[in-house]
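The values are calculated or read from the model by the stated rules, or taken from the named source; none is laboratory data. None of the values given here were measured: they were computed from a predicted structure. Neighbour counts run over all protein chains shown; Cβ positions are idealised from the backbone, glycine included. Side chains included, ligands, DNA and RNA excluded: accessible areas come from the protein's heavy atoms. Shrake-Rupley method; radii C 1.70, N 1.55, O 1.52, S 1.80 Å.
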Amino acid sequence: MKAIRIHEHGGPEVLSYEDLPEPEPGPGQAVVKIEAAGVNFIDIYFRTGLYPAELPITNGQEGAGTVVAVGEGVTEVSVGDRVAYTGAHGAYAQFAAVAADRLVSLPDEVSTKLAAASMLQGMTAHYLIRSTFEVNESHTVLIHACAGGVGLLLVQMAKKFGARAIGTCSTPEKAARAREAGADEVILYTERDFESDCKRLTGNQGVDVVYDAVGKSTWVGSLNSLKPRGMMVTFGNASGPVPPLAPLELTKRGSLYLTRPSLFAYVSSREDLEWRSSDIFEWIRDGELRIHVGGEFPLRDAAEAQTCLAGRKTMGKLVLIP
Ligand code: NDP
């Protein structure tokens, strides 16, 4: 089978399109014939070495397809089931052996491609809006990179639960896409000072929560955009990791809360995985959540897909088709 392998950390050029033996299912595993794989920033972090992994690995943390073999003791899925998963290396390939208790079955109405486009970013937006900070109609939220994969989903979910959504992004085209997704206000943070715009838009109060996965370049402005006792959610490093922070900085700004969450702690139990994924699939089916697939690439062009994502050239989600 074909797969995209990483033997050493580096730029997109280290992604190597190779032949590998097809995997056999170990105990508790199912082999999935991957029909679409999601492209995510986390794939870039594993490629560059920002997130540690013992090399070599097959890149890719999100896939969907059909079960073609199951190992000993598997009860969750059967051969022929359409499934999706996230949270294990190896999705940039034609086949992947995956722990069966990490697979979720797909409803008929959700295509395999949409499932691959919605598992990781969809469940991320879900835990951020439903669990990390439970958003409701009394809240104003600030969402950075609001036309990105996670961003467009955060905007839609914040609106679904009644909040006022202020977004930031870099271009008028991205702003239009975010408005279409429901954003009440969009600030072009490459042209304007988002911190003062946020103050102005909230009558000098500040926002209740900031969802910031841009990281280094927005970090201080994000902290300054919160109201007293607001919640700073730093959940990514698109522009680089954030520097260390002395707790007194939180005191100075009005007893802020700070969290640095990751999806995998929010879907570690089977119950949470099923809750979040079934909500996502239900909302897609009912037309409450629109997944914008902003680009499709053949598997061999994984490097080009990652270059587009890292270069801020994309809106919504990119997928690879093996
Ligand atoms: P996006 O589609 O959001 O792409 C990243 C966006 O970040 C860009 O389009 C760009 O939007 C913005 N950005 C701002 N500065 C930079 C920069 N210097 N370089 C590149 N991009 C920049 O990606 P994803 O939806 O895949 O991921 C978004 C973030 O969410 C990532 O940081 C990722 O790590 C994080 N994440 C965290 C998870 C968690 O559980 N902790 C889970 C999933 C994702 P613009 O042009 O509008 O500025």
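Just a few scattered comments:
- Distances between placed amide hydrogens fall under 5 Å for V293 paired with K317, all partners being 5 or more residues away or on another chain.
- Candidates S222, S16, S138: whichever shows maximal mean-square fluctuation once the chain is modelled as a Gaussian network with Cα springs under 10 Å: S138
- Our estimate of slack between E72 and S268, defined as 0.36 nm per intervening residue step minus the Cα-Cα distance, is 68.4 nm.
- Among W219, I42, G294 the positive-end extreme of the charge dipole of the chain (Cβ point charges): W219
- Gain upon complete extension [L50, N204; 0.36 nm per residue less C-alpha separation]: 51.8 nm
- Note on A88 and K313: the model spin-label points, each 7 Å out from Cα along the C-beta direction, lie 3.3 nm apart.
- Calculated FRET value between M1 and S239, using beta carbons and R₀ = 35 Å, to 0.05: 0.50
- Compared with the direct C-alpha span, the chain from K216 to R179 gains 10.8 nm at full extension, assuming 0.36 nm per residue.
- Positive-end residue, the chain charge dipole about Cα centroid, Cβ charges, pick of Y257, I284, L309: Y257
- Once the Cβ-Cβ distance of S138 and I321 is raised to the sixth power relative to R0 = 30 Å, the FRET efficiency obtained is 0.10.
- Value of [θ]222 nm, deg cm²/dmol, for the chain, DSSP H segments ≥ 4, -39500 (n - 2.57) each, nearest 500: -8500 deg cm²/dmol
- Less than 5 angstrom separates the built amide H of G230 from those of Y257, all sequence-distant by 5 or more or on a different chain.
- Set of aspartates and glutamates with alpha-carbon distance to K199 below 18 Å, sequence-local pairs under 8 removed: D184, E185, E191, D208, D212
- Antiparallel content of DSSP bridges confined to the chain, in %, to 5: 55
- The chain - Rg (one decimal) and Dmax (whole number), Cα, Å: 19.6, 61
- Accessible solvent surface per residue of the range 194-260, calculated while the other protein chains remain in place, 1.4 angstrom probe, Å²: 47
- Computed label-point distance, nm, for sites F161 and E22 using a 7 Å Cα→Cβ extension: 4.3
- Among the DSSP helices (H) of the chain, those spanning at least 20 angstrom by Cα along their long axis with an average Kyte-Doolittle hydropathy of -1.0 or more are 112-127; this is a geometric and hydropathy rule only.
- Using only side-chain charges placed at the Cβ, +1 for Lys and Arg and -1 for Asp and Glu, the dipole size of the chain relative to its Cα centre rounds to 1140 debye.
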